Amino acid sequence: MTPTIAKIIWLGCVISWWLIRYPYERKVKKNAIAATRRDTQELILLGISLSGLGIIPIVYVFAGFGGFAERPFVPALAWAGLVPALGSLWLFWRTHKELGRNWSVSLEVRDKHELITSGVYRYVRHPMYSAFFLWAIAQFLLLPNWVAGISGIIGFGTLYAFRVGREEELMLEAFGDQYRAYMARTARIVPWVF
Ligand code: SAH
């Protein structure tokens, strides 16, 4: 493994991620929105997350930071990065498939929204966020630069920290006791732990 191969793998994963998401983005456009929390805070958080997981590492991969914050490339770390990278792609695919027409990029309840509690949603309430954290870990292991490596964890971590409670409030409003019972038997992002 060389730094260039690690960057190509990272880029291949970004493209695969987009290929998984795109069909759902088109599909959900047709479903009307019944309730939304897509406010300024949400847009800022989406921007922070996009910068950390997308813009900063893309600039690094294509243009470099001129040696700034470079760390020595350790092939074993980059190989290890393949595990969370592939794990997150698998989880992205499962979560998009299972949420289907109920998925939104932001906080929204759609017409005829269905609460999904099966498949990977049986173990955690936010498996798509687990996938993003796995992705951020892969980014850290694959890219040999402190800023481009850590930006994903900080960017997505910020979105997660400010969003997850609001999302659960929205789901409680929409599904009441059904969601309360679901919360009681599941963890948020790490099965049985957290
Ligand atoms: N937090 C979830 C979903 C992320 S997508 C995860 O990490 O997998 C965000 C949208 O999914 C929100 O607008 C919310 O309405 C919807 N959502 C969250 N959990 C859901 C569930 N269990 N069933 C159906 N929709 C859900």
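On full extension, the segment bounded by LEU172 and ILE58 gains 37.3 nm, given 0.36 nm per residue less the C-alpha separation.
Semi-axis lengths, largest first, of the ellipsoid equivalent to the stretch 3-185 are 32, 16, 15 Å, with √(5λ) applied to each eigenvalue of the Cα gyration tensor.
Between ILE33 and ASP111, the built amide H atoms are under 5 Å apart, and every one of these is 5 or more places off in sequence or on another chain. If every alpha-carbon in the stretch 83-131 counts as one equal scatterer, what log10 I(q)/I(0) does Debye give at q = 0.31 1/Å? So the normalised log intensities are -1.29.
Across the stretch 151-163, computed HN-Hα scalar couplings (Karplus, 6.51 cos²θ - 1.76 cosθ + 1.60, θ = phi - 60°) run 4, x, 5, 5, x, 6, x, 5, 4, 4, 4, 8, 9 Hz from first to last residue, x flagging Gly and Pro. Projecting label points 7 angstrom from Cα along Cα→Cβ for VAL74 and ASN102 puts them 4.1 nm apart. Coordinate range of the alpha-carbon atoms in the stretch 98-194 per principal axis, descending: 46, 27, 22 Å.
Based on DSSP H runs of at least 4 residues, each adding -39500 (n - 2.57), what is the mean residue ellipticity at 222 nm of the chain after dividing by all its residues, to the nearest 500 deg cm²/dmol? It lands at -22000 deg cm²/dmol. Taking the accessible area of the chain, probe 1.4 Å, and keeping the other protein chains in place, the carbon and sulfur fraction comes to 68%.
Apply 1/(1 + (r/R0)^6) to the Cβ-Cβ distance of ARG37 and PHE65, taking R0 = 41 Å, and write down the FRET efficiency to the nearest 0.05. According to the calculation, E is roughly 0.70. Taking every alpha-carbon pair under 8 Å whose residues sit at least 6 apart, the chain reaches a relative contact order of 33 percent. You can think of it this way: the chain between TRP192 and LYS27 has 56.2 nm of extra reach, that is 0.36 nm per residue less the Cα-Cα gap. Stretching the chain fully between TRP93 and ARG122 yields a gain of 8.9 nm (0.36 nm per residue, less the alpha carbon separation). Here is the list for the stretch 97-194: GluC sites (Glu not before Pro) lying in DSSP coil, each with at most 12 other C-beta atoms within 10 angstrom of its C-beta, are GLU114.
The values are calculated or read from the model by the stated rules, or taken from the named source; none is laboratory data. Just so it is clear, the structure is predicted and the values come from calculations on it, not from any experiment. As a convention, Cβ positions derive from the backbone with ideal geometry for all residues, glycine included, and neighbour counts pool all protein chains shown. Please note that ligands, DNA and RNA were not included when accessible areas were found on the heavy atoms of the full protein model with its side chains. Shrake-Rupley method; radii C 1.70, N 1.55, O 1.52, S 1.80 Å.
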